[in-house]
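Note sheet for the following structure.
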Amino acid sequence: MVRTRFAPSPTGYMHIGNLRTALYAYLVAKKDNGKFLLRIEDTDKDRQVEGALEIIYDTLKSVNLVYDEGPNVGGDYGPYIQSERLSIYKEYADKLVELGGARYCFCTEKEIDTARENAEKQGHLFKYNDPCKSIKPEDARKRIINESYVVRQIIDTKGVSVYHDEVYGKIEIENSILEEGVLLKSDGYPTYNFANVIDDYLMKITHVMRGSEYLSSTPKYNQIYKSFGWETPKYIHLPPVMKDEQNKLSKRNGDASFQDLVEKGYLPEAIINYIALLGWSPGSEEEVFSLEELTKIFSIERLHKSPAIFDIDKLKWLNGVYIRNLPLKEFHNRAKKYYNLKNIDEMALSKTLQQRVELLADIPEMIDFVSELPDYSTDLYVHQKMKTDKQMSKVVLEKIKEALGNIKDWTEQNIHDELMKLPEQMGMKNGQVLWPLRTAISGKAFTPGGAVEWGYILGKDEVLRRIDIGIEKL
């Protein structure tokens, strides 16, 4: 059975690249009716951010990436939070020492820092030459009883490591460049280099998905697998998501996280659809896919090697498609929190807005004239294409006021019918009647919707009041 995992660190908001990794891991598992796991890698205590764990849970829930096993759902291979697995890491670190894949190291941070500074002064690439290599294993086991120590990996530096990646193909790395890093720190916490191997093996992960920056360090992990006599998983390394051709997308540089995008009015399902296309091709011109559709058509073979550039304009377009495709009631439920209006038919407002909105967060600015008519210039009444001017607009508004004032049942249809009588009566085109009305009731050059729609939404009394203001201005 295919088993994949998403293993984020609780260090803040959900980065777009991390969410893409979660999505791809989910799709790989679900395409073959496998299991998708959530594992929290919280061993770097200095980088943890309060509330970040809830952000991970909430994000995955909001985009429907339902995990079969995880911290808050359980499973047969827990605990699924690394800080709750310290005894496991200690057990396997000691086993690795016995197998000759690691050693106990008693060097202090100060000694290592001094060696690093000396290398930098001499212009050398720092690679720690651990003097603890010469300590006999039996002597080291006696010293760990009373002394502070770390467990450091022993690397076979001869030759070349070769392994297969599902995206990049055959990977060859010179073993001489691999560093014998720390696997278990003096406080009992593992480093990523050790914990990810132990957890992936014990949780029976079959496909490991992560960023391409780990391509060069994977041979170190494979040496740990080899020491234990374990089979390595399939590797799927992903290219980065870029802001442009030179810079990675980074929250640190002010680029949007998933939470930022949602706050700006992007729909979670549109974001998921878009990031699926950042590094993967469906093999067709189609670009709009539900999560269910992605699960059916996703394939590892169509993942790209080259970095993907995050195009916010493309996401905005796709978001507009999703908004327009929502059932009206669903759109209304998502949009109404942006209204903050009184005595308005909100459903009619939603009907007017839905086909014209690309970002939900744009709604307040689009409808700001509803709560208060802005102090506008009468130059707005002059429209070359509509063939309107100020003098004509004043005459038209007076006629409109009379026609609308006679309406007893204020419906959109009745407003439309009354207004459509005027062009013929006055020997004008439709636009020469509707443009002055829309200007009078909105005070804006552009509105999402026309004069009839906004006339109904604003209500009879308010429309007549605003027409009076327009006549007075003219």
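The values are calculated or read from the model by the stated rules, or taken from the named source; none is laboratory data. The structure presented is a predicted model; accordingly, all values stated were derived computationally and were not measured. Virtual Cβ from ideal backbone geometry, glycine too; neighbours counted across all protein chains shown. The protein model used for the area step is the full one, side chains on, heavy atoms only, and it has no ligands, DNA or RNA in it. Shrake-Rupley method; radii C 1.70, N 1.55, O 1.52, S 1.80 Å.
Some observations on this one:
- Failed item in (1) outside any loop (DSSP other than H, G, I, E, B); (2) open to solvent by less than 40 Å² (accessible area, probe 1.4 Å), with Val395 passing the rest: (2)
- Residues within the range 113-123 that are exposed (fewer than 10 other Cβ atoms within 10 Å of the Cβ) and either within 30 Å of Leu303 (Cβ to Cβ) or under 41 Å from the mean Cα position of the chain (by Cα) (or both), tallied: 1
- Taking the criterion of being of a type in the set (D, E, K, R) and either open to solvent by 30 Å² or more (accessible area, probe 1.4 Å) or assigned to a helix (DSSP H, G or I) (or both), the residues of the range 184-221 that qualify are Lys185, Asp187, Asp199, Asp200, Lys204, Glu213, Lys220.
- Test: residue in the range 245-268 that is open to solvent by less than 40 Å² (accessible area, probe 1.4 Å), within 29 Å of Asp32 (Cα to Cα) and in contact with a Pro (Cβ under 6 Å, 6 or more places away or on another chain): no
- Qualifying residue in the range 304-326 (condition: open to solvent by less than 80 Å² (accessible area, probe 1.4 Å) and acidic (Asp, Glu)): yes
- Verdict on Tyr67 being part of a loop (DSSP other than H, G, I, E, B) and either touching a His at 6+ places or on another chain (Cβ under 8 Å) or open to solvent by less than 40 Å² (accessible area, probe 1.4 Å) (or both): yes
- Some residue of the range 25-33 being modelled with pLDDT of 95 or more, of a type outside the set (A, V, I, L, M), open to solvent by less than 10 Å² (accessible area, probe 1.4 Å) and in contact with a strand residue (DSSP E or B) (Cβ under 7 Å, 6 or more places away or on another chain): no
- Flag if Thr21 is closer than 19 Å to Val208 by Cα, open to solvent by 10 Å² or more (accessible area, probe 1.4 Å) and either among the aliphatic types (A, V, I, L, M) or not in a loop (DSSP other than H, G, I, E, B) (or both): yes
Conditions (1) within 17 Å of Arg465 (Cβ to Cβ); (2) among the basic types (Lys, Arg); (3) modelled with pLDDT of 95 or more, marked per residue:
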position: Lys314; (1), (2), (3): no, yes, yes
position: Ile323; (1), (2), (3): no, no, yes
position: Leu326; (1), (2), (3): no, no, yes
position: Lys337; (1), (2), (3): no, yes, no
position: Gln354; (1), (2), (3): no, no, yes
position: Glu372; (1), (2), (3): yes, no, no
position: His383; (1), (2), (3): no, no, no
position: Met386; (1), (2), (3): no, no, no
position: Met392; (1), (2), (3): no, no, no
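- Qualifying strands (runs of 3 or more DSSP E) (wholly inside the range 127-183; at least 1 residues being within 30 Å of Ser299 (Cβ to Cβ) and open to solvent by 20 Å² or more (accessible area, probe 1.4 Å)): 160-165, 169-174
- Residues being open to solvent by 10 Å² or more (accessible area, probe 1.4 Å) and either modelled with pLDDT under 95 or within 12 Å of Leu404 (Cβ to Cβ) (or both) - total across the range 454-471: 9
- Of the residues contained in the range 328-335, none is found to be under 18 Å from Asn273 (Cβ atoms), open to solvent by less than 20 Å² (accessible area, probe 1.4 Å) and either of a type in the set (D, E, K, R) or touching a Lys or Arg at 6+ places or on another chain (Cβ under 7 Å) (or both).
- Test: Gly101 is exposed (fewer than 15 other Cβ atoms within 10 Å of the Cβ) and either over 25 Å from the mean Cα position of the chain (by Cα) or without any contact (Cβ under 8 Å) to a residue 24 or more places away in the chain (or both): no
- Ala270 vs. criteria under 16 Å from Ile16 (Cα atoms), part of a loop (DSSP other than H, G, I, E, B) and among the small types (Gly, Ala, Ser): no
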